[in-house]
Amino acid sequence: MSTSTRKALVALLLLGSAPPALAMDDGAIFWRFDGLVERRFHDLTPTVEWKAKGWIGDDYNKLRLESSGVIADNGQIDGEGGTKGVDSRFYYSRLISDFWDAKLGIQATVFGHGLSRTGFVAGFEGLAPFGFHVDAVAGVNQTGIATLKLDIDYDILLSQKLIATPFVEAMVASGDDRAIDLGSGLSRFEIGARLRYEFAKEFAPFIGVSFEQFTGPTASYVAAGNEPTSKLRAIAGIKIWF
């Protein structure tokens, strides 16, 4: 047997005996947290809104926790026409294609003292073409009313640290829930933009503006409570992630 043949056989044996640990570990566990707190200024009582999302899991399966809410300066929960309140969600999500997760879970929302709604939620979250982040969630609560909530935002890099993020929020309901001022059809939509400056990778203050509009029966319920059916607001806050 020639020397070159012996070397080739040795190389093949070494390659075949290489430990599996050299391969990519698809079962590795990761986690991430994203948080946003902002002050919203308008002609009535200013409010504070927060949005927090955290997940743990691998590339395919994740457990997700989400919390959001709106509190006015007088300490009262702002239900935003039955579309917000103080909301908590728990999801199981599964990767179904590149950049897209399907998720299924439970939701509990508090709109005031002794006034809450619980139910099941399911939806999709991911990156659409051209980099739009989309979060679409349908749900049904104990009253039997189904809702569909859509959140879309898009990051525009003005520089390495300065980023503009236009956003759109909308919610549709299948019926009226007068107790929380929620009406059927398109209940509410909001458009706006935030401009943040990333002092560090995980920390970015921002300013912005938003326009919110209640529509249909929801607008009538909100007006009956002596609240405006549309709001133009300045916003300022902090975004963190790690």
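A short reminder: the numbers here are calculations on the coordinates, not readings from a lab. Note that the structure is a prediction, hence the values are computed from the model and not measured. With ideal geometry, Cβ positions are generated from the backbone for all residues, glycine too; neighbour counts draw on all protein chains shown.
Residue by residue, what Karplus-based ³J(HN,Hα) values in Hz, rounded to whole numbers, does segment 234-239 have, using 6.51, -1.76 and 1.60 with θ = phi - 60° and x for Gly and Pro?
So the Karplus estimates, Gly and Pro as x, are 8, 10, 8, x, 9, 10 Hz.
Measure nothing fancy, just the Cα-based angle from helix 3-16's long axis to the longest principal axis of the chain, in degrees from 0 to 90, nearest 10.
That works out to roughly 30 degrees.
Taking the Cα centre as origin and putting +1 on Lys and Arg beta-carbons and -1 on Asp and Glu beta-carbons, what dipole magnitude results for segment 172-242, to the nearest 20 debye? The partial results should precede the final answer.
Values: 8 positive and 8 negative charges, 62 e Å.
The dipole of segment 172-242 has a size of about 300 debye.
Putting +1 on Lys and Arg Cβ atoms and -1 on Asp and Glu Cβ atoms, find which of G112, F41, A193 reaches farthest to the positive end of the dipole of the chain.
A193
Would you work out which of V168, T229, W31 lies farthest towards the positive end of the dipole of the chain, given +1 charges on the beta-carbon of Lys and Arg and -1 on that of Asp and Glu, about the Cα centre?
Ranked along the dipole, the leading option is W31.
Do any chymotrypsin sites (Phe, Trp or Tyr not before Pro) in segment 71-116 lie in a DSSP loop with no more than 15 other beta carbon atoms within 10 Å, and if so, which?
F99
Quick one: how many lysine pairs does segment 88-242 have with C-alpha atoms less than 25 Å apart and a gap of 8 or more or different chains? Give me the count, please. Could you put the intermediate results ahead of the total?
Numbers: K103/K149; K103/K239; K149/K231; K149/K239; K161/K201; K161/K239; K201/K239; K231/K239.
Taking segment 88-242 as the scope, the lysine pair count is 8.
Contour minus end-to-end for R39 and R94, with contour as 0.36 nm per residue of separation and end-to-end as the Cα-Cα distance?
So the chain would gain 16.4 nm between R39 and R94.
Answer with one residue from G183, L157, V121: the one whose Cα lies farthest towards the positive end of the charge dipole of segment 101-242, charges on Cβ with Lys, Arg +1 and Asp, Glu -1.
Farthest towards the positive pole: L157.
Could you give the dipole magnitude of the chain about its Cα centre, charging the beta-carbon of Lys and Arg +1 and that of Asp and Glu -1, in debye to the nearest 20?
On the way: 24 positive and 29 negative charges, 131 e Å.
Value, rounded to 20: 620 debye.
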